[in-house]
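Reviewing the structure listed below.
The numbers here are math on the coordinates, done by the rules we state, and not lab data. Bear in mind that the values here come from a model prediction, so they are computed numbers and not experimental data. Here the Cβ positions follow ideal geometry from the backbone for every residue, glycine too, while neighbour counts run over all protein chains shown.
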Amino acid sequence: MTELFAGAWGPLIIFGLRIIDVTLATMRMLLTMRDQRRIVPVIGFFEALVWVLAVGTAIQNLHSVWHILGYAGGFGAGTLVGLWVEGKLAVGLATVRIICKDDGEEVADSLRGGGFGVTEFSGHGRQGRVDMIYTLVKRRQIPSVLKIVEALDAEAFISVEEPRTIRRGWLFSRRRS
């Protein structure tokens, strides 16, 4: 196996291992911030296992610029892959805040019709009265919410944030399987 890592394929193997380990590291950190306590240690175990293989091989071949470039390149590529994977998984919840000059009630009713919980407020902005709408959704549902809002009010101000702590509310009133 040492011959394989030291040979011409070594830099590519290191590159691939680094993509895997940095992707896992990125996922682990992002999931830690989202309080996913069960999966984070499992990811950490495999991340460390792959990292030991990659760094050990790179250190054994410090005389080769290609091995070093494979190590560094895999780090950069792994960061991109990790962010892409996390975006596709879309774990967690998001608070969507919508401010409409007009049609706020229609937007809120459409969101409710789409199965989303909505809280409405009246407010006053720079140019007069506005309707403010808050909804808490799963992150993977954000595109659906944006589509509903933008179809009814293309000028609506929309902000999306990830809440750190959530207690009670309609989303948690049903037993989840």
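Observations, loosely collected:
- Cβ-defined net charge surrounding Phe46, 13 Å radius [Lys, Arg +1; Asp, Glu -1]: -1
- As a rough footprinting exposure proxy, the listed residues Asp131, Asp109 were ranked by other beta carbons within 10 Å of their own, and the order from fewest upward is Asp109, Asp131.
- Secondary-structure-derived ellipticity at 222 nm for the chain, considering helices only, amounts to -18000 deg cm²/dmol, per-run term -39500 (n - 2.57) for DSSP H runs with n ≥ 4.
- Label selected from (i) 10, 42, 38, 10, 0; (ii) 9, 27, 21, 17, 13, 10, 3, 0; (iii) 9, 35, 33, 19, 4, 0, the criterion being P(r) over Cα pairs in 10 Å bins from 0, in percent as computed here: (ii)
- Put simply, the amide H of Gly92, placed in the peptide plane, has neighbours under 5 Å in Arg139, leaving out anything fewer than 5 places away on its chain.
- Taking the longest Cα principal axis of the chain as reference, the axis of helix 142-152 is set at about 40 degrees.
- C-alpha long axis of helix 10-33 to longest principal axis of the chain, angle in °: 30
- Listed by chain and number, the lysines placed with their C-alpha closer than 21 angstrom to that of Lys88 are Lys138, Lys147; residues fewer than eight positions away on the same chain are left out.
- This ranking places Leu69, Leu111 by how few other beta-carbon atoms lie within 10 Å of each, fewest first, which gives Leu69, Leu111.
- Our coupling estimate for the range 131-136, obtained by passing each phi through the Karplus curve with A = 6.51, B = -1.76, C = 1.60 and θ = phi - 60°, is 10, 10, 10, 10, 8, 10 Hz, Gly and Pro reported as x.
- Rounded to the nearest 20 debye, the dipole magnitude of the chain is 740 debye, with +1 charges on Lys and Arg beta carbons, -1 on Asp and Glu beta carbons, and the Cα centre as origin.
- What the phi angles of the range 41-48 give under the Karplus curve with 6.51, -1.76 and 1.60, with θ = phi - 60°, is a coupling list of x, 5, 4, x, 4, 5, 4, 5 Hz, glycine and proline written as x.
- Tilt relative to the chain, helix 104-113 - C-alpha long axis, 0 to 90 degrees, to 10: 60
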